1. Using a basic spin-label model with each label point 7 Å from the Cα along Cα→Cβ, how many nm lie between Gln258 and Asp139?
2. Amide H of Cys218: which non-local residues (sequence gap of 5 or more, or other chain) have their own amide H closer than 5 Å, using H built in the peptide plane?
3. Between Asp102 and Ser88, with labels modelled 7 Å along Cα→Cβ, what's the label distance in nm to one decimal, could you check?
4. What list of ³J(HN,Hα) couplings, whole Hz, do you get for the stretch 188-197 from phi and the Karplus terms 6.51, -1.76, 1.60, once you set θ to phi - 60° and write x for glycine and proline?
5. Mind listing the phi-derived Karplus ³J(HN,Hα) values for the stretch 264-275, rounded to whole Hz, using 6.51, -1.76 and 1.60 with θ = phi - 60°, and x for any glycine or proline?
6. Excluding same-chain residues fewer than 8 positions from Lys227, which aspartates and glutamates have a Cα within less than 19 Å of its Cα?
7. For labels at Lys232 and Arg69 in the simple 7 Å Cα→Cβ model, what's the distance in nm?
8. Starting from the amide H of Leu97, placed 1.01 Å from N in the peptide plane, find each other amide H under 5 Å away whose residue is 5 or more places distant or on another chain.
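The values are calculated or read from the model by the stated rules, or taken from the named source; none is laboratory data. Just so it is clear, the structure is predicted and the values come from calculations on it, not from any experiment. We place every Cβ from the backbone using ideal geometry, glycine too, and count neighbours over all the protein chains shown. Surface accessibility is based on the protein's heavy atoms, side chains included, excluding ligands, DNA and RNA. Shrake-Rupley method; radii C 1.70, N 1.55, O 1.52, S 1.80 Å.
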Amino acid sequence: MTQRVWQAASAVAAAFVAVLVAGCQGSQPAIPASISEASATTRAMSGAALSGIPGGVPVDEEYRREFERCDRENIFRGERFSGFRRCSGDPNRLTALNRLPDGTIFFDAKLGLDIDGGFKAQTDAGPTDVSRTSYRFPDGSYVYSDTVPYVVIPYAKPDWSHADPREFTRLTGIEMGDIGVVIDGTKVVPVLIGDGGPHNKIGEGSIAVFEAIGASRCRQWQDPDRKTRCSKILDASLNQNVQYLLFPNSRIAGLTPQNVNQRVAEEALRRFDALTTAAPGP
């Protein structure tokens, strides 16, 4: 990865922070309508935000290949899955799972949609949707998919499988409530690790993540001027992989529904900028 590419990604990140930390209304912070303008700016930039990870080493290739096997055979750690637990219908496409020298976790995978905690999950839930997320704010409330950019990590309930449901956390050090960034081309989005999913699946983000990268999955907003309540969705992953940089031991104390976007953006981009400074030259 060249220093020039890192600098381009950092510049895009700075542009996004103004959008993601915009003022909050009501009990949940809203992604403003102007996010489409920021997306247009980033689309005009050339080059990919990430073209490789310098010095990264595989976390555990045997573990990564289990996701590939699940994509092909719907088998993970010797257990066969069916129904919504199948991988083949929406493959993980986990092509890399690396640890950088500073401990940052990088992986490259699909970006699927998670609406847990959002308006539709609370009012018109599908068979796999729930009204709460694995992460809770200190006041006991849950993360709101429509307005908070969050990602999902493998974090299944122990009774879902005889396998190790916390294997991803054990291997990577990434815990619920840590932070990171999602990168799609030249678009850099600060994110909270806000929900957990089946241990055989990886690569999901909230409605707000899709909004931030300019690939909306909301077909109908109840409040199109504010975009805080999505009532109809397009439940489809992106048709290309995205990159994830997750920071272990990065949980932020004192998050609230009102300050989460601002505080996560500030800290995630600070850590991202530290990586850009350490990136090698051309």
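1. Reported label-point gap for Gln258 and Asp139 is 0.7 nm.
2. Placed amide hydrogens put Leu234 under 5 Å from Cys218.
3. Output for this residue pair reads 4.2 nm.
4. 10, 10, x, 9, 9, 7, x, 8, x, x
5. Working through the residues one at a time gives 5, 4, 4, 6, 5, 6, 4, 5, 4, 5, 5, 5 Hz.
6. Partners within reach: Glu37, Asp114, Asp116, Asp124, Asp146, Glu211, Asp235.
7. Each label point lies 7 Å from its Cα, and together they span 4.2 nm.
8. For Leu97, the qualifying residues are Val59.
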